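Read through the structure below, which is laid out as structure tokens, and then see the notes.
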Amino acid sequence: MIVKSAEFICSNTQISKLPPPVKPEYAFIGRSNVGKSSLINMLTAKKGLAKTSQTPGKTQLINHFYINESWYIVDLPGYGYARASKTEKAKWDKFIHTYLDKRESLQCVMVLIDSRLEPQKIDLEFCNWLGEKGLSFVLVFTKADKQSSIKTDQSIAKFKKALLATFEEAPQYFVTSSETQLGREEILAFIDTINKEFVIPPYQGPGQE
Ligand SMILES: Nc1nc2c(ncn2[C@@H]2O[C@H](COP(=O)(O)OP(=O)(O)O)[C@@H](O)[C@H]2O)c(=O)[nH]1
Ligand SMILES: [Mg+2]
């Protein structure tokens, strides 16, 4: 897929104010600092589209970016920010879980994992939650340029193994680098395939939350 246009549409703190669910949508999520904003900029080839390295854990915003006037990238607030209070964490959980669980046009959750780290409990828990809810997701290993491909492969194997404690099958995954554009074509092709199958979800009507 060639990205011809990518524009910022809106930032939301309220689920009720999201754009109508009539276009296929892909949510990008991961721990703070995992490289989510950089990846979105890399995929869209627009440097300043998603803001990189902001102070994490502050505002809980759902950002919609409209690509090729036909599908959305959704930038979700990062999780696992060490300095967030319990109340903030609980608020994050509720907000994000409501969005993920209720968004009719959501096609796939892109779960970003730092390829340099041992499997993190919070990432595994999040994947398990997605699995319990029956939501489609793929793993996107980030920052692969920062180490040898052998190390990256080892991280992936460990993560898969950890997931197989609860999943029958390991999910599909991508290896990426925002520096070298590794994985860009693969992710865009994956999205393109799903977009082609998209049908507008039936109207739920107001008040059906
Ligand atoms: N070398 C390298 N650095 C990266 C990559 N992706 C992100 N970073 C760096 O990691 C830091 C966090 O990235 P950012 O995109 O802001 O993460 P976010 O908090 O998940 O949105 C920044 O300093 C980025 O420059 C990558 O693929 N390779
Ligand atoms: Mg960011």
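Summary of values
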read-out: Most to least accessible of 75, 93 (protein chains only, probe 1.4 Å); value: 93, 75
read-out: DSSP bridge orientation in the chain - percent antiparallel, rounded to nearest 5; value: 35 percent
read-out: Cβ-defined net charge surrounding residue 35, 15 Å radius [Lys, Arg +1; Asp, Glu -1]; value: +3
read-out: Cα pair distances of the chain binned at 5 Å [whole percent]; value: 1, 7, 15, 20, 22, 18, 12, 5, 1, 0, 0
read-out: Reduced Cα scattering model of the range 131-177, Debye log10 I(q)/I(0), q = 0.26 Å⁻¹; value: -0.99
read-out: Subset of 36/160; 91/121; 23/158; 91/151; 23/121; 91/146 violating a 26 Å alpha-carbon distance limit; value: 23/158; 91/151; 23/121; 91/146
read-out: Low-density loop cleavage sites - GluC sites (Glu not before Pro) in the range 123-205, where at most 14 other Cβ are within 10 Å (DSSP); value: 168, 169, 179
read-out: DSSP-loop trypsin sites (Lys or Arg not before Pro) across the range 96-145, with at most 16 other Cβ within 10 angstrom; value: 116
read-out: Accessible area in square angstrom per residue, the chain, 1.4 angstrom probe; value: 55 Å²
read-out: Fraction of accessible area attributable to carbon and sulfur, the range 155-199 (%, probe 1.4 Å); value: 50 percent
read-out: Charge context of residue 195, other residues only, Cβ under 11 angstrom, K/R +1, D/E -1; value: -1
read-out: Relative contact order, percent, the chain [alpha-carbon distance under 8 Å, six or more residues apart]; value: 24 percent
read-out: Stretchable slack from residue 70 to residue 128, in nm (0.36 nm times residue separation minus alpha-carbon distance); value: 17.9 nm
read-out: Coil-residue GluC sites (Glu not before Pro) of the range 1-109, DSSP, other Cβ within 10 Å capped at 11; value: 69
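The values are calculated or read from the model by the stated rules, or taken from the named source; none is laboratory data. Given the structure is predicted, the values throughout are model-derived calculations rather than measurements. For neighbour counting, all protein chains shown are included, and Cβ atoms are generated from backbone atoms with ideal geometry for every residue, glycine included. These area figures cover heavy atoms from the full protein model, side chains too; ligands, DNA and RNA do not enter into them. Shrake-Rupley method; radii C 1.70, N 1.55, O 1.52, S 1.80 Å.
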